[in-house]
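Heads up, the thing below is written out as structure tokens.
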Amino acid sequence: MEHFYLSLLLLFVSFISLSLFFLFYRHRSPFTAPNLPPGKIGYPLIGESLEFLSTGWQGHPEKFIFDRMMKYKSEIFKTSILGEPAAVFCGAACNKFLFSNENKLVTAWWPESVNKVFPSSLQTNSKEEARKMRKMLPQFLKPEALQRYIGIMDAIAQRHFASGWEKKSQVTVFPLAKRYTFWLACRLFLSVEDPNHIAKFADPFHLLASGIISIPIDLPGTPFNRAIKASNFIRKELMGIIRQRKVDLAEGKASPTQDILSHMLLTCDKDGQYMKEMDIADKILGLLIGGHDTASAACTFIVKYLAELPHVYQRVYEEQMEIAKSKSLGELLHWDDIQNMKYSWNVACEVMRLAPPLQGAFREAINEFIFNGFFIPKGWKLYWSANSTHKNPDYFAEPEKFDPSRFEGNGPAPYTYVPFGGGPRMCPGKEYARLEILVFMHNLVKRFKWEKLLPDEKIIVDPLPMPAKGLPVRLYPHPRPHN
Ligand code: HEM
């Protein structure tokens, strides 16, 4: 239904803009420079947004990319999406170019709606300060910092499976996976564990997540308006938690290592400066958003593929049971166990190759430049897309085949496997995501086998991939209870 309204709105906008086009736009087109990449700019203002979005709604976002790569016989093509002139960069060489020219030729860009919902430190501070902050973020999320949280993740996963899956014959996976990743984030970022407190966050969070990439019309009742309100509410809540934590740390009532919030409050940069409360609130909000639906989409598609591929399930089961059997009663997972989940991680990687949680991301050209003989004007938006390599037979033979062995040995060639992006802006939550996904797989397969209740359930990508009905499955608990 939402898509229907969106299409109507886009049609309406295109009608109005066609009229404006003939009045003004033709004379000031950003598409008139010589040697631009080949491509079509579509309708005025909306450009090719409808094609771009609708291939995703039909479950094949790669179609937008591959149709044009074939038509123009080029790895770079121009288009116009989300109201902006853009060039889509496809293939490993293009990924390498964009990822290694961060802040030299290109910089990150998000659609206008994201900046408005998310008035991050980019606006409250200088750009330089925002850059410093971004450098600090990986510190809190690097493997050494995360090792101590594995046991907590396992304990929460056990409680999650006990309350959401056990003693049920059927479940719907996607909402459960979301509940799992959100619960983990609330505990590990903020030490919020009380289910009522988590619920207080969860609702505004869903509003925020669904309005963040929306048409930026700030009128009562629009998804965009609800997202702005939700963002303000969550930010206020976060500020309350941060201030209380400062008091608790000073009085010795909170521990410096209990979660990422304590870690952020007590870490200073090389000039001895601590992060400001507002920046911490923004960073935590960013982590909650970045890590929320992405990891739950990955978990959901792991459940889907394991249901469809019993031989893959069997090997994951054997690997996880080996680990489960090595534990004494009540002993939680730790770092060494995670290192022994090699096959399971290869499976997760193959799932994220075929169903990347994020389809790609935008950059903006800081200055004009020439790449591969094409002129890219200053201010153009550049889009890299995971599917342009993940589903390309030049990089992955028989790309539609599920084959975790692609990740054995040296794995895929550089810049071809990019579910987490690359270069300085590569996802800072990659290691955290690896841990939460593996802990999920461990707890899932040691309890159940399952089958899909809707064998041909449609996949929608909007903007994350998800099964249209949330992936309902029938559960078959293993006969003997395991640790
Ligand atoms: C399977 C799970 C995940 C996937 C596939 C994923 C993927 C990505 C991708 C592709 C980007 C964009 C890189 C770019 O702009 O080129 C990104 C950015 C980001 N991710 Fe993740 N992510 C995941 C989980 C997480 C988690 C768990 C967190 C938090 C703990 C997180 C936090 C972030 C943040 C804060 C950014 C913005 C970084 C910046 O702008 O510098 N992500 N992620």
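Each reported figure results from applying straightforward, stated rules to the coordinates on display, with no laboratory input. Only a predicted model underlies this, so the values are computations on that prediction, with no experimental measurement involved. Note that we place each Cβ from the backbone using ideal geometry, even for glycine, and neighbour counts take in every protein chain shown.
Values computed for the structure shown
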item: Distant-in-sequence amide H partners of His334 (H built 1.01 Å from N, under 5 Å); result: none
item: Gain in span if fully extended, Ala413 to Lys142, counting 0.36 nm per residue against the direct Cα distance; result: 95.2 nm
item: Pairwise label distance in nanometres, Leu309 with Glu451, each label 7 Å out on the Cα-Cβ vector; result: 2.0
item: Distance violations [Cα-Cα > 27 Å] among Lys327/Lys452; Lys71/Lys452; Lys116/Lys458; Lys200/Lys469; Lys142/Lys325; Lys167/Lys325; result: Lys327/Lys452; Lys71/Lys452; Lys116/Lys458; Lys142/Lys325
item: Ellipticity estimate at 222 nm from DSSP helix runs (n ≥ 4, -39,500 (n - 2.57)) divided over the chain, nearest 500; result: -16500 deg cm²/dmol
item: Long-range amide H partners of Ala361 with built H, under 5 Å; result: Trp384
item: Neighbourhood charge, 12 Å Cβ-Cβ cut-off, centred on Arg235 and excluding it, Lys, Arg +1 and Asp, Glu -1; result: -1
item: Packing-based order for 147-156, 279-288, using average beta carbon neighbours within 10 Å, highest first; result: 279-288, 147-156
item: Asp203 paired with Lys63, simple spin-label distance in nm, labels 7 Å along Cα-to-beta-carbon; result: 3.8
item: Sequence of Arg353, Arg315, Arg363 once ranked by neighbouring C-beta atoms within 10 Å, starting from the fewest; result: Arg315, Arg363, Arg353
item: Packing-based ranking, highest mean first, of 163-170, 108-115 given that Cβ atoms within 10 Å are counted; result: 108-115, 163-170
item: Cα-based Rg / Dmax (Å) for segment 91-477; result: 21.2, 64
item: ³J(HN,Hα) computed for each position of segment 385-399 - Karplus, 6.51 cos²θ - 1.76 cosθ + 1.60, integer Hz, glycine/proline x; result: 10, 4, 5, 5, 9, 4, 10, 9, x, 5, 10, 10, 4, 6, x
item: Estimated vicinal HN-Hα couplings, Hz - segment 218-231 in sequence order (Karplus 6.51, -1.76, 1.60; Gly, Pro = x); result: 8, 10, x, x, 6, x, 5, 5, 5, 5, 5, 4, 5, 4
item: Length added when fully stretched, Lys135-Lys327, from 0.36 nm per residue minus Cα-Cα; result: 65.3 nm
item: Peptide ranges 185-196, 325-336, 426-437 listed from the most packed, as the mean C-beta count within 10 angstrom indicates; result: 426-437, 185-196, 325-336
item: Estimated distance in nm for a label pair at Asn115 and Asn367, the labels positioned 7 Å out from Cα along Cα-to-Cβ; result: 2.2
item: Amide H within-cut-off set for Phe371, under 5 Å, with H built and near neighbours excluded; result: Ile376
